[in-house]
Amino acid sequence: MYNKLTVEDVDVKGKKVLVRCDFNVPLNDKQEITDETRIVGALPTIQYLIDNGAKVILCSHMGKPKGKPVPELSLAPVAKRLSEKLGKEVIFAADDNVVGENAKNAVSNMSEGDVVLLENTRYRAEETKNEETFSKELASLADLFVNDAFGTAHRAHCSNVGVSALLKPAVAGYLIEKEIKYLGNAVNAPERPLVAILGGSKVSSKISVIENLLKKVDKLIIGGGMAYTFEAAMGRTTGTSLLEPDYIDYAKKMIDEAGDKLVLPIDTVVAEKFDNDAPSKVVEGSIPDGWMGLDIGPKTIELYKNVLKDAKTVVWNGPMGVFEMPNFAKGTNEIASVLAELDAATIIGGGDSVAAVNQAGLGDKMSHISTGGGASMEFLEGKELPGIAALTDKA
Ligand code: AMP
């Protein structure tokens, strides 16, 4: 379990504080921000630092400029939007070297409560290789470091891991603190019963998650495309559904080892083809030839509701069906509704399940929606996240 210092544990007044944010927001072809969720997510830490008299130096990557300046991936639009959100000017340190003369000048002119945003850290080739030259340059700007970018916590780059080693104390911002609290507790010190729900397309991409979670949970519910490989392992036919034949033996082993911990579908919504308007029906057990499973069936929904009703902690990763098609979104939406009503810690672990919960309009009913797809997966796999491990431990 991580026990890291946070922004509230350090005195920031008058200090130059370098903050690694996740401003990797989507832009359209006019360089306009199309989703500001990540900017909004970063505000509590930034506002706290402003209110407490820090000189706030923000940095982030955006997209993949591959180690050179790419004007379309400049953070300039983020500075503008951030200024609007904070109601105060955010000075954008336009600088192809990220920490060049322009950035240094901007920082040396700062007063308490000022905010400077550096240019995209991935303009520098060293960034993703965690090379010390760039880490040193970043560290030279500030007195202490705050990491609030959970989305990149599973990577060891200059702007998170490299700089943490050089700029002490290196502490967690509110976003990372919340991720540790919810995802960390859910996996390592949950209030029980702990139920995990795993869905999505493939068993192969979630093997490490399944293995780690089976050690920790009271029940593991499986849905989505990955369920059919388990169903094949139980001797059922799966028609034209998603299937990973190479993983059937593995699924058999899981079923044998997990016993009644593992909860699998009992019925399926099947269609003639992968199309929202294709003829469909509900089948129990085996899926007939020529039919494709695209959602969990009504009896399965009831079974899963029953397993979930007494849960005190629920972790969910991956939809129960092809939720992008309205006719096959019912299983996913019903599970989202059950979670919204539970008296339990409900943690949505990144990726498509976040989209599904938001599509159902239930995002604000969950205890925690993880901000990092890859990072939350690695958390659930039980792996150490380098960006968090590098932060200073509480005494
Ligand atoms: P993943 O990225 O592995 O979490 O998978 C998410 C994707 O799985 C979504 O795009 C879903 O549409 C897809 N999915 C879920 N259930 C099924 C299914 N029964 N057949 C095909 N794709 C599915």
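For the stretch 7-177, what is the Kirkwood hydrodynamic radius in Å, using each pair of distinct C-alpha atoms?
One over the average 1/r among Cα pairs gives 15.5 Å for the stretch 7-177.
With a cut-off of 8 Å between alpha carbons and a minimum separation of six or more residues, what is the relative contact order of the stretch 132-281 in percent? Display every interim value, and only then the final one.
Values: 174 pairs, mean separation 24.4, N = 150.
Relative contact order here is 16 percent.
Rounded to the nearest Hz, the phi-derived 3J(HN,Hα) couplings of the stretch 343-359 under the Karplus curve 6.51 cos²θ - 1.76 cosθ + 1.60 (θ = phi - 60°) are 8, 8, 6, 10, 10, 9, x, x, x, 5, 5, 5, 4, 5, 5, 5, 4, where x marks glycine and proline. Taken about its Cα centre, the chain carries a charge dipole of roughly 580 debye when the Cβ of each Lys and Arg holds +1 and the Cβ of each Asp and Glu holds -1.
With viscosity 1.567 mPa s and temperature 4 °C, the Kirkwood radius over alpha carbon pairs of the chain converts through Stokes-Einstein to a diffusion coefficient of 58 µm²/s.
What value, in deg cm²/dmol to 500, does the helix sum -39500 (n - 2.57) over DSSP H runs of n ≥ 4 give at 222 nm once divided by the residues of the chain? Using -39500 (n - 2.57) per qualifying helix, the result is -9000 deg cm²/dmol.
At 0.36 nm per residue, and after removing the present C-alpha to C-alpha distance, how many nm does the segment from Asn28 to Lys129 gain when stretched out fully?
Stretched out fully, the Asn28 to Lys129 stretch lengthens by 33.5 nm.
Contact order, relative form, for the chain: 16 percent (alpha carbon pairs under 8 Å, 6 or more residues apart, mean separation divided by residue count).
Amide hydrogen proximity for Asp114: with H placed 1.01 Å from N in the peptide plane, the residues at 5 or more positions away or on another chain lying under 5 Å are Val56.
Calculate the translational D of the stretch 190-380 in whole µm² s⁻¹ from Stokes-Einstein, where the hydrodynamic radius comes from the Kirkwood formula applied to all Cα pairs, the temperature is 4 °C and the viscosity 1.567 mPa s.
Using the Kirkwood radius from Cα pairs, D works out to 80 µm²/s.
In order along the stretch 298-307, the Karplus-derived 3J(HN,Hα) couplings, from 6.51 cos²θ - 1.76 cosθ + 1.60 at θ = phi - 60°, round to x, 5, 5, 4, 4, 4, 5, 4, 5, 5 Hz, and Gly and Pro are given as x.
Couplings for the stretch 193-205, taken from phi via the Karplus curve 6.51 cos²θ - 1.76 cosθ + 1.60 with θ = phi - 60°, read x, 9, 10, 10, 10, 10, x, x, 7, 10, 5, 4, 7 Hz in order; Gly and Pro are left as x. Nearest 10 degrees is fine. How inclined is helix 76-86 to the longest principal axis of the chain, computing both from alpha carbons? Approximately 90 degrees, to the nearest 10.
Counted by neighbouring Cβ atoms within 10 Å, the residues Tyr228, Tyr48 run from fewest to most as Tyr48, Tyr228. Summary value for the stretch 190-380: 22 percent relative contact order, contacts being C-alpha pairs under 8 angstrom separated by 6+ residues.
Could you tell me the calculated FRET efficiency between Lys13 and Lys80, based on Cβ-Cβ distance and R0 = 30 angstrom, to the nearest 0.05? Present the calculation step by step, with values, prior to reporting the outcome.
Values: r = 28 Å, r/R0 = 0.93.
My answer for the efficiency is 0.60.
Each label was represented as a point 7 Å from its Cα along the Cα-to-Cβ direction; for Ile207 and Asn97 these points are 4.7 nm apart. Computed from the C-beta positions of Lys64 and Glu324, the FRET efficiency with R₀ = 25 Å rounds to 0.50.
Just so you know, all these numbers are worked out from the coordinates, no wet-lab data involved. Predicted model only: the values in this text are computed from it and were never measured. Don't worry about glycine lacking a Cβ; one is built from the backbone with ideal geometry, like all the others, and counts go over all protein chains shown.
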